[in-house]
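The values are calculated or read from the model by the stated rules, or taken from the named source; none is laboratory data. Just so you know, these numbers come straight off a predicted model, no measurement behind them. Cβ: placed from backbone, ideal geometry, glycine included. Neighbour counts: every protein chain shown.
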């Protein structure tokens with residue numbers, strides 16, 4: 001972060017602040033992953049869920065002959081929007097105000113939380129209902145409301161399971177993916193005061209219990225809080241796409257609606273939804289169309305909430321936008337297809353990533369929102385297999401951005417430390433050897449490659465090449481041959497040709 | 001046509017048999033393959049680990065060494081992927097405008113082995129004989145960065161006496177990922193365990209692939225658990241004949 005310069009800006013835009021929200025984990029990825037990998041129940045739940053959803057997605061995507069054109073259209077719409085974000089945001093603001101809404105600008109999580117707390121306090125309520133929202137998870141809104149004496153009730157079934165279980169979401173779309181139905185039954189029996197003690201673990205029965213629990217809350221709520229999947233600049237319309245209808249209850253029944261939206265969720269025109277409403281459900285739930293699409297514009301007298309507040313959240317997004325090589329991460333429409341195909345995510349689950357944004361998209365988004373220093377292990381949490389890029393509905397080249405962020409990390413480290421890291425020394429040594437064939441040949445022939453690479457301590461186990469202990473813990477290493485290829489060639493062909 | 005072999009640093013140092021096999025197949029098909037000894041490494045390990053600037057001399061070297069040839073062939077999807085998709089990025093970031101042009105020109109004529117055989121030479125039957133049960137692991141970079149598709153399968157299907165068995169969940173990564181296998185060893189090992197299980201479930205004797213790196217990983221796992229299955233590079237299978245078997 002420290003080396004980037006933007007002409008026309010006095011300094012780099014700030015990252016998401018520390019001490020608030022849920023973008024930073026306590027442990028580095030390898031440590032948290034090790035813990036998750038030891039949980040066999042989690043491995044089983046995740047493997048089953050991701051395999052199912054992968055197959056569903058593949059099937060409905062294959063139905064569309066113009067899927068690749070749709071992806072390209074989605075990508076171009078996003079790239080275009082990001083290039084003119086300030087103008088489109090101003091257009092959105094005007095349109096929302098013209099239709100009777102109130103627009104607030106929040107530089108970061110603290111400002112956004114403070115705005116919501118003020119608005120809720122102003123209504124004199126101590127409970128609000130919530131639509132499933134990544135932005136509010138990102139900024140830690142529930143925690144901020146709780147500190148202000150306001151209970152925020154999650155109404156999305158999976159978010160409710162997570163909330164009742166005093167747990168954290170582990171997936172963007174299906175936040176309780178790490179739980180199976182037996183575990184969910186136990187949580188309901190323990191946490192729902194009014195639940196039938198004979199509750200079974202049949203999905204329909206569990207959903208019925210949640211419905212009964214939530215219905216009363218919907219009817220009593222005065223204030224609802226939502227995120228947004230899309231905002232349309234030309235009309236000022238906000239959109240939420242969901243499966244259960246609980247979101248629509250929140251969006252229509254209470255008197256006041258507060259929507260918190262990352263500034264990147266914008267599309268220019270109403271017509272652009274045509275593209276995204278095809279891309280999103282097929283990529284996320286593997287459905288041709290999602291069951292509920294709610295769209296609202298400002299306030300409509302006598303219909304729905306009579307007070308509407310839109311909070312536009314930055315929280316590090318402008319900093320992401322400033323990085324030409326990383327900014328495509330902002331194009332994400334939160335479908336989570338990349339999580340479902342990721343072999344790393346499938347095995348570790350979402351909690352290992354520490355941030356509310358897990359999986360491949362989280363590995364490129366979280367470190368950019370917080371600054372690389374605070375999530376430095378995430379860009380390495382990938383084998384660069386590329387499955388994420390293949391399924392991304394807006395064609396974000398996630399592997400390329402991962403590689404970019406790794407470079408960003410090592411270069412930031414090098415700029416801030418006088419002594420290079422052991423890894424950097426080894427890499428420089430390897431490059432030094434490999435940049436001259438004579439050195440390379442000598443290193444190979446003398447069998448001294450390992451010693452040259454690990455010259456600091458003269459042990460091979462110390463170098464970041466696949467000969468270290470982390471390798472040999474679980475796999476044998478191939479014994480180096482008597483003769484390298486180049487020596488064989490020279491012997492066969494009499495030296496160079 | 002002047003064809004150069006890019007052996008890759010890994011095969012040069014650890015798997016010379018893969019290089020020899022590549023040469024044998026190409027010579028059998030009438031290709032006069034050359035080995036420019038000034039070559040070293042494509043620099044992928046540096047780029048993927050975050051050391052882009054250190055990769056620059058390697059990128060420059062690759063472009064210079066292979067510029068005179070009409071085609072470059074390598075027994076690795078991953079290294080060819082790096083040449084095609086990363087060299088221009090490194091050249092743009094750290095090199096001159098001339099270097100960008102140079103690396104793009106060389107990248108356009110650099111082929112992974114199955115691409116070279118099927119696309120450039122137009123051959124699927126290379127005259128190989130390999131009487132074994134084989135399953136094919138499409139390595140991530142062959143599959144996704146290069147999009148080699150079913151070219152390796154076509155080549156394997158044409159091998160006499162070879163029984164090809166489909167690998168379940170074939171498109172899942174084996175967990176190697178270069179320094180990923182070290183930095184995230186536990187996750188890598190979990191991925192490897194699933195890959196090994198899928199290979200062993202096929203009942204194949206041999207797991208083949210177009211990348212020595214992935215095979216080093218899978219084979220290292222098999223060796224550790226004393227599995228009966230072995231790993232053999234695609235080039236070695238294609239080079240095998242009755243007279244000169246690979247195993």
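Looking only at helices (runs of 4 or more DSSP H) that fall completely inside the stretch A:426-497, which ones have 3 or more residues that are over 18 Å from residue B:7 (Cα atoms) and either modelled with pLDDT under 85 or within 7 Å of another protein chain (Cβ to nearest Cβ) (or both)?
Values: elements: A:437-445, A:449-453, A:469-472, A:485-493.
Fully inside the stretch A:426-497 and qualifying: A:449-453, A:469-472.
All of (1) within 13 Å of another protein chain (Cβ to nearest Cβ); (2) more than 15 Å from the chain's Cα centre (by Cα) hold for residue B:139 with one exception: (2).
Here is a yes/no grid of residues against (1) closer than 30 Å to residue A:232 by Cβ; (2) assigned by TED's automatic domain parsing to the domain that holds residue A:352; (3) surrounded by fewer than 19 Cβ atoms within 10 Å (Cβ to Cβ); (4) out of contact with any helix residue (DSSP H, G or I) (no Cβ under 7 Å at 6 or more places or on another chain):
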{"site": "A:11", "(1), (2), (3), (4)": "no, yes, yes, yes"}
{"site": "A:42", "(1), (2), (3), (4)": "no, yes, no, no"}
{"site": "A:63", "(1), (2), (3), (4)": "yes, yes, yes, yes"}
{"site": "A:91", "(1), (2), (3), (4)": "yes, yes, yes, yes"}
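Might you let me know whether the stretch A:371-385 holds any residue that is at positive phi, more than 13 Å from chain B (Cβ to nearest Cβ) and either crowded, with 24+ Cβ neighbours inside 10 Å or not in a loop (DSSP other than H, G, I, E, B) (or both)?
Going residue by residue through the stretch A:371-385, those that are at positive phi are A:371, A:384.
In the following step, the residues that additionally are more than 13 Å from chain B (Cβ to nearest Cβ) were identified as A:371.
From what's left, either crowded, with 24+ Cβ neighbours inside 10 Å or not in a loop (DSSP other than H, G, I, E, B) (or both): none.
No, the stretch A:371-385 contains no residue that is at positive phi, more than 13 Å from chain B (Cβ to nearest Cβ) and either crowded, with 24+ Cβ neighbours inside 10 Å or not in a loop (DSSP other than H, G, I, E, B) (or both).
Go through (1) farther than 22 Å from residue B:26 by Cα; (2) facing chain A (nearest Cβ under 9 Å); (3) under 20 Å from the mean Cα position of the chain (by Cα) one by one and return the number of the condition residue B:194 breaks. Among (1) farther than 22 Å from residue B:26 by Cα; (2) facing chain A (nearest Cβ under 9 Å); (3) under 20 Å from the mean Cα position of the chain (by Cα), the lone unmet condition for residue B:194 is (3). For residue A:349, all conditions in the list (1) surrounded by 24 or more Cβ atoms within 10 Å (Cβ to Cβ); (2) within 13 Å of chain B (Cβ to nearest Cβ); (3) within 23 Å of residue B:141 (Cα to Cα) hold save one; what is the number of the exception? Residue A:349 satisfies all of (1) surrounded by 24 or more Cβ atoms within 10 Å (Cβ to Cβ); (2) within 13 Å of chain B (Cβ to nearest Cβ); (3) within 23 Å of residue B:141 (Cα to Cα) except (3).
One line per residue, one yes/no per condition, for (1) surrounded by fewer than 23 Cβ atoms within 10 Å (Cβ to Cβ); (2) touching a residue at least 60 places away in the same chain (Cβ under 8 Å); (3) assigned to a helix (DSSP H, G or I); (4) at positive phi:
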position	(1), (2), (3), (4)
A:274	yes, no, yes, no
A:280	no, yes, yes, no
A:283	no, yes, yes, no
A:288	yes, yes, no, no
A:315	no, yes, no, yes
A:329	no, yes, yes, no
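Residues in the stretch B:64-90 that are more than 10 Å from chain A (Cβ to nearest Cβ), surrounded by fewer than 23 Cβ atoms within 10 Å (Cβ to Cβ) and either free of Cβ contacts under 8 Å to residues at least 60 places away in the same chain or under 18 Å from residue B:114 (Cβ atoms) (or both): B:64, B:67, B:71, B:84, B:88.
Results for (1) outside any loop (DSSP other than H, G, I, E, B); (2) more than 14 Å from chain B (Cβ to nearest Cβ); (3) at pLDDT 95 or above, shown as yes or no for each residue.
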position: A:318; (1), (2), (3): yes, yes, yes
position: A:323; (1), (2), (3): no, no, yes
position: A:345; (1), (2), (3): yes, no, yes
position: A:362; (1), (2), (3): yes, yes, yes
position: A:369; (1), (2), (3): yes, yes, yes
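Within the stretch B:13-49, the set of residues being in a loop (DSSP other than H, G, I, E, B), surrounded by fewer than 21 Cβ atoms within 10 Å (Cβ to Cβ) and more than 7 Å from chain A (Cβ to nearest Cβ) comprises B:29, B:30, B:31, B:32, B:36.
Of the residues B:6, B:94, which is farther than 27 Å from residue A:409 by Cβ and either touching a helix residue (DSSP H, G or I) at 6+ places or on another chain (Cβ under 8 Å) or away from chain A (no Cβ under 12 Å) (or both)? Even if it seems obvious, please write down each step before you answer.
Working: B:94 fails: farther than 27 Å from residue A:409 by Cβ.
Answer to the selection: B:6.
Of all residues in the stretch B:129-140, at least one satisfies being in contact with a helix residue (DSSP H, G or I) (Cβ under 8 Å, 6 or more places away or on another chain), at pLDDT 95 or above and part of a helix (DSSP H, G or I). A residue that is modelled with pLDDT of 95 or more, surrounded by fewer than 24 Cβ atoms within 10 Å (Cβ to Cβ) and within 8 Å of chain B (Cβ to nearest Cβ) occurs somewhere in the stretch A:389-397. The one condition from (1) over 21 Å from residue B:7 (Cα atoms); (2) facing chain A (nearest Cβ under 8 Å); (3) surrounded by fewer than 24 Cβ atoms within 10 Å (Cβ to Cβ); (4) modelled with pLDDT of 95 or more that residue B:145 does not meet is (1).
Could you tell me whether any residue of the stretch B:166-189 is in contact with a strand residue (DSSP E or B) (Cβ under 6 Å, 6 or more places away or on another chain) and either within 24 Å of residue B:241 (Cβ to Cβ) or within 11 Å of chain A (Cβ to nearest Cβ) (or both)? There is no residue in the stretch B:166-189 that is in contact with a strand residue (DSSP E or B) (Cβ under 6 Å, 6 or more places away or on another chain) and either within 24 Å of residue B:241 (Cβ to Cβ) or within 11 Å of chain A (Cβ to nearest Cβ) (or both). Highlighted here are the helices (runs of 4 or more DSSP H) found entirely within the stretch A:175-259 that include at least 3 residues which are over 26 Å from residue A:350 (Cα atoms): A:203-220, A:246-252.
For the stretch B:83-121, taking the residues that are in a loop (DSSP other than H, G, I, E, B) and under 18 Å from residue B:22 (Cβ atoms), the one that is nearest to the chain's Cα centre (by Cα) is identified as B:109.
Scanning the stretch B:202-209 turns up one or more residues that are closer than 30 Å to residue A:378 by Cβ and at pLDDT 95 or above.
How many of the residues in the stretch A:132-162 are assigned to a loop (DSSP other than H, G, I, E, B) and within 20 Å of residue A:240 (Cβ to Cβ)?
First, the residues of the stretch A:132-162 that are assigned to a loop (DSSP other than H, G, I, E, B): A:132-133, A:140, A:148-150, A:155-156.
Filter again for within 20 Å of residue A:240 (Cβ to Cβ), leaving A:132-133, A:155-156.
Result for the stretch A:132-162: 4.
Against the numbered list (1) under 19 Å from the mean Cα position of the chain (by Cα); (2) more than 30 Å from residue B:243 (Cβ to Cβ); (3) at the interface with chain A (Cβ under 7 Å from one of its Cβ atoms); (4) part of a helix (DSSP H, G or I), residue B:59 comes up short only at (3). Evaluate the following for residue A:129: is it in contact (Cβ under 8 Å) with a residue 12 or more places away in the chain, farther than 23 Å from residue A:314 by Cβ and assigned to a loop (DSSP other than H, G, I, E, B)? The answer is no for residue A:129.
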